[in-house]
1. Quick one: which residues, 5 or more positions from residue 82 or on another chain, have an amide H under 5 Å from its amide H? H modelled 1.01 Å from N in the peptide plane, none for Pro or chain starts.
2. Quote to one decimal, in nm, the extra length available between residue 203 and residue 168 on full extension: 0.36 nm per residue of separation minus the C-alpha distance between them.
3. Looking at this model, which pairs from 187/307; 187/252; 116/203; 187/259 are more than 22 angstrom apart at the alpha-carbon?
4. Report the extension gain between residue 135 and residue 317 in nm, rounded to one decimal, defined as 0.36 nm multiplied by the number of residues separating them, less their alpha carbon distance.
5. Grab the Cα-Cα distance for residue 242 and residue 287, subtract it from 0.36 nm times how many residues apart they are, and report the gain in nm with one decimal.
6. First select every other residue whose beta carbon is under 13 angstrom from the beta carbon of residue 244; then total the charges, Lys and Arg +1, Asp and Glu -1.
7. Using a simple spin-label model with points 7 Å from Cα along the Cα→Cβ vector, what separation in nm is obtained for residue 213 and residue 61?
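Bear in mind these aren't lab numbers, they're just calculated from the coordinates by the rules spelled out. Predicted model only: the values in this text are computed from it and were never measured. Don't worry about glycine lacking a Cβ; one is built from the backbone with ideal geometry, like all the others, and counts go over all protein chains shown.
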Amino acid sequence: MVLQLVKYSDSFVKQKLRQHPIPENPMIIKFILTLFFPVLLFTGLSCNSPTEPKDNPGPDTTSHNFVWRVDTIGYYQSLVRDVAVISENDIWAVGTFYKKHQTQDSTENDRYGICKWDGIKWNYLKVPYRFNGVEEPNSNVQFAAIFPLKSGVIWLSSVGRTPIRYKNGIFDSYTTTDVTTDRNYIKKIWGSDENNVWFVGEKGLILYYNGSTFTKIPYSDEYDFIDVWGDETGVVRAVAREQSGYSSFLVKIENGRPKNEIIGSGKPEDSIVPDIFHSVWWKTDGSFYWNASSNGVYINEKGNYKKIINHYTFTPWIGTLVVRGCAENDVFLVGIHGQVIHYNGRTIHFYPELYTPYLQFNALCLNQYVVCTGGRFEGMAVTLIGKRVN
């Protein structure tokens, strides 16, 4: 079977990333992968020959076939910090986005906090939101995190460390003593519904919103939280990284209390357990959950770790920073050098045509039809959208 994908070789990506940040008519080229990217790029891991991990969880699979589109959505120290897929034609990228290319021409008036994909192009958005009940139409908010709820409500956090709720077309800012006093940067958000939302961030920040009030959950301020995930059963896990970067914990939060469930080994040569945690994801607690770490990609099944990908055995080195999925047989991982990896329930699939040195993806969101990731390339904000081809 021939895969149809957008061709982005190294030179093409670099040229593409230096074009206008919101191109109206991007070039789309269909090609046969094996004609352009020989298997030696990833030894034994060509796009036509994905790997199959031992003891795979089940026989059900999803398609590895995607059509990809890459865009720059900001110049001059621009950055995508997080993304949210609402639908195929409604995708949000949040961070800091400067429209103008020349550094000397860029000012705060050219800076935006949100770019929205409408199915055709990316649109810059400045956010007027209400602060303490008063609307500030000329506000210039930069954002750090975003998470969409099933109800249509979207939670965000500003770089100014303030939780912001988007509901019925209105951005409302929520000031909390814990956040504004400690000046803790909210890094990630997860929620199951409007009455159960979690915020995690710098200096051990765990903030819980029950639909009306915020509650701070105590944790050591020597650690920064960099990821959080949960499920409908009420289980929540967060990734805590020591500020020195030499140790990490996977923290399980139950009954409002955080517990260090697993500690990163801190030993890259040890392949039995994760070294330094980056990200966590699962569908339903009790089966297994995924961990992206410094020394590989792991599945933890009932307390036992199973290494799925070893970062150090590939050239170029694989460095996954975020793991997300919409089902146990539809999981994506992204990270350094523009690397994108897909697990379909049986096989692991690499997309070497997306590989680009110095391109780092640090945000990821998907549904069963589309996946979006974002990050930075040489000071420019970059997004990648993949649409599934059945």
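1. 94
2. Values: separation 35, 0.36 × 35 = 12.60 nm, distance 3.26 nm.
Gain on stretching residue 203 to residue 168: 9.3 nm.
3. Working: 187/307 27 Å; 187/252 17 Å; 116/203 31 Å; 187/259 19 Å.
The answer is 187/307; 116/203.
4. Details: separation 182, 0.36 × 182 = 65.52 nm, distance 4.80 nm.
Answer, rounded to one decimal: 60.7 nm.
5. Numbers: separation 45, 0.36 × 45 = 16.20 nm, distance 2.81 nm.
This chain segment gains 13.4 nm when fully extended.
6. Working: positive: 241; negative: 222, 224, 242.
For residues surrounding residue 244, the net value is -2.
7. Output for this residue pair reads 5.3 nm.
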